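A.B. asks: Dumping the structure here so I can ask a few things about it.
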Amino acid sequence: MSALAFDRVHGERLVKLYGRTRALAGVDVAFAAGEVTVVEGPNGSGKSTLLHLLALTAKPTDGVLRFGKLDATKDARAIRRHLGVLAHASMLYPDLSGRENVRLYAALFGVSDPKARADALFDRFGIGPFGDRPVRTYSRGQLQRVALARALVADPTLLLLDEPSTGLDVAGVERLVEVVKAERDRGAIVVLVTHDGELSGKVGDRRVALRNGKVVEA
Amino acid sequence: MKELWRGARLVAAKDLRIEARTKEITVTTAFFAVLVVVLSSLAFYLDRNTAKSIAPGVLWVAVVFAGITSVTRSWGREREEDALRGLLLSPIPRASIYFGKLFGNLVFLLAVEVVLVPLVALLFHLELEPLLPTSVLLLLGSFGFVSAGTLFGALSVQTRARDLVLSIVVFPLVTPALLGGVVATRELFAGAPLSEVLGWVQILAAFDLVFLGAGYLLFDALLSD
């Protein structure tokens, strides 16, 4: 279990260019600990780009992005230890079992006892019966549960959720809501990108609206 | 450095575990390579003397096709369910992913070569003596090929024309090393001692070091947006 590594993430004048396309055009954002921020906007507004920057899978063309005192460019590896990302794609290896996948990610994140951590997360999400089958055989809901365990493997300080409710049934969405609330109560910074108004209504504490790469409401 | 090797070990172990379970890469590439050797022996074998000239080309062609198939499929596994993104989100050094994938791909290719070399020797009626030094050449050549293939194979995960990109980039880059491998193998099959092809061995080793260094330095940049 890792303690919270920072209590605030903030970006100033964030610009992201893909060739000549300006995905983000000078965005100022801040995300605080113990808060769920819903990032909204139409397709092409820059939501996914912002999430890529926060996940450190893309670098800003211009601007400053800081995770507490850590700088996104200079301290990327140190920051990654404290990130959890849940997206529509599970990021799991289909030919490994769910348990093997979560153990692998626990080891990659330097968790001291990957086996025990995977077992604890499987208990938390009720992944007993199917967790030892290959991921390829999972239903969407089962996949989501294991992907949640993967995202939370290192008790992330910053939890990024990218359209996490896509394809989930009612029970799956309810479980997702519970997890998001639990993470917020733990003190994590939660950023949720979704078109699902019902989900954002249930868990969102604050909303940031993007349009054409700019913040139009915060 | 400790983190680098720890991450590489985890990535390689993951690839080997998946392959041990599915046998998808080794079996498909082995069948393909065996088919190349068998068809070539039927089409080109005339007598023992011509076989000595033909066998090196057949052997290396089979290795190259097995290698490119293996690398493509190995990176294809990272594409499914966006698994590569999961690795990129983890705090291990990016070069760990490169070294881990490289090791896995090398093991897959060497496993195929263990079948391939005796088969070529059998079908082309080769002497057994040159096979040991040939194995040294194959090891060096395979290492270089897999180093380059693994580096640029990462590009194939992020592009739609993935097989095309991999072939267009990798084949021209590895051609000098392959030429060295084929010529040195031909000399060995013709009866030359290893000391006579030492120059080619050094070229192959230098090629390996260059691509290993390039992989270490460039892998992160290749995966950046």
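A.B. asks: State the number of residues belonging to segment A:177-203 that are surrounded by 14 or more Cβ atoms within 10 Å (Cβ to Cβ), closer than 21 Å to A:R8 by Cα and of a type in the set (D, E).
C.D. replies: 1
A.B. asks: Same structure again: With the checklist (1) away from every other protein chain (no Cβ under 12 Å); (2) not in a helix (DSSP H, G or I) in hand, flag the one item B:P91 doesn't pass.
C.D. replies: (1)
A.B. asks: Here is a check on your reading of the model: is B:L188 of a type outside the set (D, E, K, R), buried (at least 17 other Cβ atoms within 10 Å of the Cβ) and modelled with pLDDT under 90?
C.D. replies: Here the answer is no, as B:L188 does not meet what is asked.
A.B. asks: I want to confirm something. Restricting to segment B:17-27 and keeping residues that are exposed (fewer than 15 other Cβ atoms within 10 Å of the Cβ) and more than 9 Å from chain A (Cβ to nearest Cβ), which single residue is nearest to B:L119 (Cα to Cα)?
C.D. replies: B:V27
A.B. asks: Being touching a residue at least 12 places away in the same chain (Cβ under 8 Å), surrounded by fewer than 16 Cβ atoms within 10 Å (Cβ to Cβ), under 16 Å from the mean Cα position of the chain (by Cα) and assigned to a helix (DSSP H, G or I), is that true of even one residue in segment B:146-154? It would help to see each step written out before you state the result.
C.D. replies: Here is the first cut: in segment B:146-154, the residues touching a residue at least 12 places away in the same chain (Cβ under 8 Å) are B:146-154.
Of the ones still in play, those that are also surrounded by fewer than 16 Cβ atoms within 10 Å (Cβ to Cβ) are none.
No, segment B:146-154 contains no residue that is touching a residue at least 12 places away in the same chain (Cβ under 8 Å), surrounded by fewer than 16 Cβ atoms within 10 Å (Cβ to Cβ), under 16 Å from the mean Cα position of the chain (by Cα) and assigned to a helix (DSSP H, G or I).
A.B. asks: Does A:F109 satisfy being in contact (Cβ under 8 Å) with a residue 12 or more places away in the chain, more than 20 Å from A:V38 (Cα to Cα), among the hydrophobic types (A, V, I, L, M, F, W, C) and within 14 Å of chain B (Cβ to nearest Cβ)?
C.D. replies: Yes, satisfied.
A.B. asks: Could you tell me which numbered condition A:I127 fails, if it satisfies all but one of (1) assigned to a helix (DSSP H, G or I); (2) surrounded by 17 or more Cβ atoms within 10 Å (Cβ to Cβ)?
C.D. replies: (1)
A.B. asks: Follow-up question, since we're still on this one. Hey, among B:V34, B:V38, which residue is under 18 Å from the mean Cα position of the chain (by Cα) and assigned to a helix (DSSP H, G or I)?
C.D. replies: When all the criteria are applied, what remains is B:V34.
A.B. asks: On the given criteria, is B:F99 modelled with pLDDT of 95 or more, in contact with a helix residue (DSSP H, G or I) (Cβ under 6 Å, 6 or more places away or on another chain), surrounded by fewer than 21 Cβ atoms within 10 Å (Cβ to Cβ) and more than 7 Å from chain A (Cβ to nearest Cβ)? Reasoning before the result, please.
C.D. replies: Details: modelled with pLDDT of 95 or more: yes; in contact with a helix residue (DSSP H, G or I) (Cβ under 6 Å, 6 or more places away or on another chain): yes; surrounded by fewer than 21 Cβ atoms within 10 Å (Cβ to Cβ): no; more than 7 Å from chain A (Cβ to nearest Cβ): yes.
Taking the combined requirement at face value, the residue does not satisfy it.
A.B. asks: Considering B:A66, B:A83, B:A62, B:A30, which residue is closer than 19 Å to B:L223 by Cβ, crowded, with 17+ Cβ neighbours inside 10 Å and among the small types (G, A, S)?
C.D. replies: B:A83
A.B. asks: I've got another one for you. Taking only segment B:61-88 into account, find how many residues are over 17 Å from B:A111 (Cβ atoms) and away from every other protein chain (no Cβ under 14 Å).
C.D. replies: Matching residues across segment B:61-88 total 1.
A.B. asks: I need the full set of residues from segment A:61-92 which are in contact with a strand residue (DSSP E or B) (Cβ under 9 Å, 6 or more places away or on another chain) and not aliphatic (A, V, I, L, M), in order please.
C.D. replies: A:T61, A:D62, A:G63, A:R66, A:F67, A:G68, A:D71, A:T73, A:D75, A:H82, A:G84, A:H88
A.B. asks: Considering each of B:V114, B:V107 in turn, give the residue that is part of a helix (DSSP H, G or I), farther than 30 Å from A:L158 by Cβ and touching a residue at least 60 places away in the same chain (Cβ under 8 Å).
C.D. replies: None of the other options fit; the residue is B:V107.
A.B. asks: Having 3 or more residues that are at negative phi and within 11 Å of chain B (Cβ to nearest Cβ) is the bar; report the strands (runs of 3 or more DSSP E) wholly within segment A:1-95 that clear it.
C.D. replies: Passing ranges, in order: A:8-18, A:83-86.
A.B. asks: Got a sec? Which of A:A171, A:A151 is under 27 Å from A:F6 (Cα atoms) and of a type in the set (G, A, S)?
C.D. replies: The unique qualifying residue is A:A151.
A.B. asks: Here is a follow-up. Under 9 Å between Cβ atoms, which residue pairs at least 6 apart in sequence (or on different chains) link something in segment A:29-53 that is within 21 Å of B:L89 (Cβ to Cβ) and touching a residue at least 40 places away in the same chain (Cβ under 8 Å) with a partner that is polar (S, T, N, Q) and buried (at least 23 other Cβ atoms within 10 Å of the Cβ)?
C.D. replies: Cβ pairs passing all conditions: A:A33/A:T157.
A.B. asks: For segment B:77-84, indicate whether the set of residues that are within 17 Å of the chain's Cα centre (by Cα) and either of a type outside the set (S, T, N, Q) or not in a loop (DSSP other than H, G, I, E, B) (or both) is non-empty.
C.D. replies: no
A.B. asks: Oh, and also: Taking strands (runs of 3 or more DSSP E) that fall entirely within segment A:138-218, which contain at least 2 residues that are closer than 30 Å to A:R22 by Cα and touching a helix residue (DSSP H, G or I) at 6+ places or on another chain (Cβ under 6 Å)?
C.D. replies: Those strands (runs of 3 or more DSSP E) span A:158-162, A:189-193.
A.B. asks: Return the only residue of B:L110, B:L39, B:L116, B:L106 being farther than 30 Å from A:P94 by Cβ and away from every other protein chain (no Cβ under 14 Å).
C.D. replies: After applying the criteria, what remains is B:L39.
A.B. asks: Here's something else I'd like to know. Only one of B:L126, B:L116, B:L178, B:L122 is crowded, with 19+ Cβ neighbours inside 10 Å and more than 18 Å from the chain's Cα centre (by Cα). Can you tell me which?
C.D. replies: B:L126
A.B. asks: Got at least one residue in segment A:98-114 being in a loop (DSSP other than H, G, I, E, B) and crowded, with 18+ Cβ neighbours inside 10 Å?
C.D. replies: Here is the first cut: in segment A:98-114, the residues in a loop (DSSP other than H, G, I, E, B) are A:109-113.
From what is left, the residues that are crowded, with 18+ Cβ neighbours inside 10 Å are A:109, A:111.
Scanning segment A:98-114, I find at least one residue that is in a loop (DSSP other than H, G, I, E, B) and crowded, with 18+ Cβ neighbours inside 10 Å, so the answer is yes.
The values are calculated or read from the model by the stated rules, or taken from the named source; none is laboratory data. If you're wondering where the values come from, they're calculated on a predicted model, not measured in any experiment. Virtual Cβ from ideal backbone geometry, glycine too; neighbours counted across all protein chains shown.
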